[in-house]
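Structure, as structure tokens:
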Amino acid sequence: MNSFVWIKQVPATNKVLVDEKTGVLLRDGVAGKMNPYDLYALEIALRLREAHGGRVIVGTMGPLQAESVIREAYWMGADEGYVLSDRRLAGADVLATSYALSQGIRNVGDFDLVLCGKQTTDGDTAQVGPAIAEHMGIPHAAWVSNIEPFQGGVRVEQQLQDVVETVWMPFPCLVTVEQDICMPRLPSLLRARQVKDRPVTILGLDAFWDTDPAHYGLAGSPTQVERIFPPAVGVDRETWTGADSAQRLLSALSKWKFL
């Protein structure tokens, strides 16, 4: 069973600059890490390969520095990796991002299962995974907490608001996984040495089946961020001493609407 896992490099800090004109994060030169939710998707793919054979392919979209998360996936056990990197892909919203990722899968090949983390820590939309499936015309399930191959497809458990729903989907299909589905393994130092020369393939827009730049990046994004700004830092502090401290605290809590 062949699996394709989308992973993403997200900022390793909350101190990220924002382009005031476009409203997008300036990622170039910012230290990054693998999106924590994607670790669970990758681990599930590796376990399915161990149990049923096949290959695990990983992909990401971003600047060339995103190659580092593909390397990390190699250290965990992935077989092959791709980076979609092209200035014309930058600034994409959910629709343009998911379309580019669907094009990346079409370029790489056919897969039984596409896996994603349920969301990213920088966007938090939880929409990209299902949108990829819609672009590809394949069934999908989100918020999955259990998955097992069954009769030419997968049987999954979805964590809905009040119930757990069990569904079956035929291959090919896409799943976004919850963080309680498994415990990701640690990268292996031995494996890092073994795969240090393994190539990572870089794909640009010209490699896609659809090469129209109007469908990607800012040009292909029907939604635009009106305003984005970093959270305010700094805290006002007061120190109270004396017998009336408790009364002053009560008055302050009432003033701030905490009581």
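A few comments on the model shown:
- Scanning segment 89-108 for residues that are out of contact with any strand residue (DSSP E or B) (no Cβ under 8 Å at 6 or more places or on another chain), modelled with pLDDT under 95 and not hydrophobic (A, V, I, L, M, F, W, C) yields GLY91, ASP93, ARG106.
- Qualifying positions in segment 128-148 - part of a helix (DSSP H, G or I) and of a type in the set (D, E, K, R): GLU134
- From ALA219, ALA214, residue being under 30 Å from THR125 (Cα atoms) and at pLDDT 95 or above: ALA214
- For the residues SER102, SER68, the requirement of being among the hydroxyl-bearing types (Ser, Thr, Tyr), in contact with a helix residue (DSSP H, G or I) (Cβ under 7 Å, 6 or more places away or on another chain) and not in a loop (DSSP other than H, G, I, E, B) singles out SER102.
- Scanning segment 90-115 for residues that are open to solvent by 10 Å² or more (accessible area, probe 1.4 Å) and closer than 22 Å to LYS33 by Cβ yields ALA90, GLY91, ALA92, VAL94, THR97, LEU101.
- Screening ALA78 on (1) touching a residue at least 24 places away in the same chain (Cβ under 8 Å); (2) in a strand (DSSP E or B) shows it passes everything except condition (2).
The values are calculated or read from the model by the stated rules, or taken from the named source; none is laboratory data. These numbers were taken from a predicted model, which means no experiment stands behind them. So basically every Cβ, Gly included, is an ideal-geometry build from the backbone, and we count neighbours across all protein chains shown. Areas reflect the complete protein model, heavy atoms only, side chains present, ligands, DNA and RNA absent. Shrake-Rupley method; radii C 1.70, N 1.55, O 1.52, S 1.80 Å.
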